[in-house]
Amino acid sequence: MSDDSPSKKSRLPLYSSIALLVAIIAAYFLVPSVQEFLDEAWRVLTSDDEEQIKNWVAGFGWFGPIVLVLAMIVQMFLLVIPSILLMVVSILAYGPIWGSVIIFASVFAASSVGYFIGNYFGDSIVTKIIGKKSEDKVESFLEDYGFWAVIITRFNPFLSNDAISFVGGLLHMGYWKFIGATMVGIAPLTLFIAIFGKSTDDLKMGLLWGSLISLLAFGGYVWYDKRHKNKT
């Protein structure tokens, strides 16, 4: 069910998102140095070597955060660079405070791009990006639980973070409601990574338990909600 419909005033973020993607693609094919940089970025970010990734990103200095924001946007379409890895790298390279700021900026940018793509290009494009099966599951989940569906998905790194951005736009969920839920949901995960990000083993175990607890809690909410609806 739609919360609202797109208006002319809200088209600027869409045009900005398209311009960014077109600029990256054009630069890749037209500027050799950009192509070399992006090829190296692909190799490093898909290496699963956290130390190598950390050193590579830190080497950019002030430009590093921009690289991470762009990487968070691009990974929505590549689906081979997990967003949780980029979040961990942000903390490792820039520390818990600035790393957290970069995470929020990256998630905000990527979520907005995904939302406006779904919002303006519709079902055919979203299906090509995430697949029909994923789209149907996320759409049903979002239609049933709206704001809370976004929060629980953002909090749990093992759920379809990127898919819910596309589908949120597809269903014309209110943009600020969607972004608000996204920021609320990503906050505890960011805090967790900031605290445990320096220890890979602690982080993996913590993420596992945190994900299980969040899923159990939401499962309890779903059970209660359905039981309450059946009584009314």
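The values are calculated or read from the model by the stated rules, or taken from the named source; none is laboratory data. Remember, it's a predicted structure, so these values are computed and weren't measured experimentally. Cβ: placed from backbone, ideal geometry, glycine included. Neighbour counts: every protein chain shown. In case anyone asks, the SASA skips ligands and DNA or RNA and just uses the protein heavy atoms, side chains included. Shrake-Rupley method; radii C 1.70, N 1.55, O 1.52, S 1.80 Å.
Here is a list of conditions, (1) surrounded by fewer than 21 Cβ atoms within 10 Å (Cβ to Cβ); (2) farther than 21 Å from Val150 by Cα; (3) at pLDDT below 85, and Pro96 meets all of them except one; can you say which number that is?
(3)
Among the residues of region 172-181, how many are assigned to a helix (DSSP H, G or I) and either closer than 19 Å to Trp98 by Cα or more than 14 Å from the chain's Cα centre (by Cα) (or both)?
3
Leu38: in a helix (DSSP H, G or I) and modelled with pLDDT under 75, yes or no?
yes
Can you tell me which condition Ile152 does not meet? The list is (1) open to solvent by 10 Å² or more (accessible area, probe 1.4 Å); (2) over 12 Å from the mean Cα position of the chain (by Cα); (3) under 30 Å from Gly59 (Cβ atoms), and all the others hold.
It fails just one condition, (3).
Do the conditions hold for Asp162, that is, is it part of a helix (DSSP H, G or I), more than 16 Å from the chain's Cα centre (by Cα) and of a type in the set (D, E, K, R)?
No.
Of all the residues that make up region 121-147, how many are open to solvent by 50 Å² or more (accessible area, probe 1.4 Å), in contact with a Gly (Cβ under 9 Å, 6 or more places away or on another chain) and either aliphatic (A, V, I, L, M) or touching a residue at least 12 places away in the same chain (Cβ under 8 Å) (or both)?
Residues meeting the conditions: 2.
Looking at the structure I just gave you, is Ile103 crowded, with 19+ Cβ neighbours inside 10 Å, within 11 Å of the chain's Cα centre (by Cα) and of a type in the set (A, V, I, L, M)?
yes
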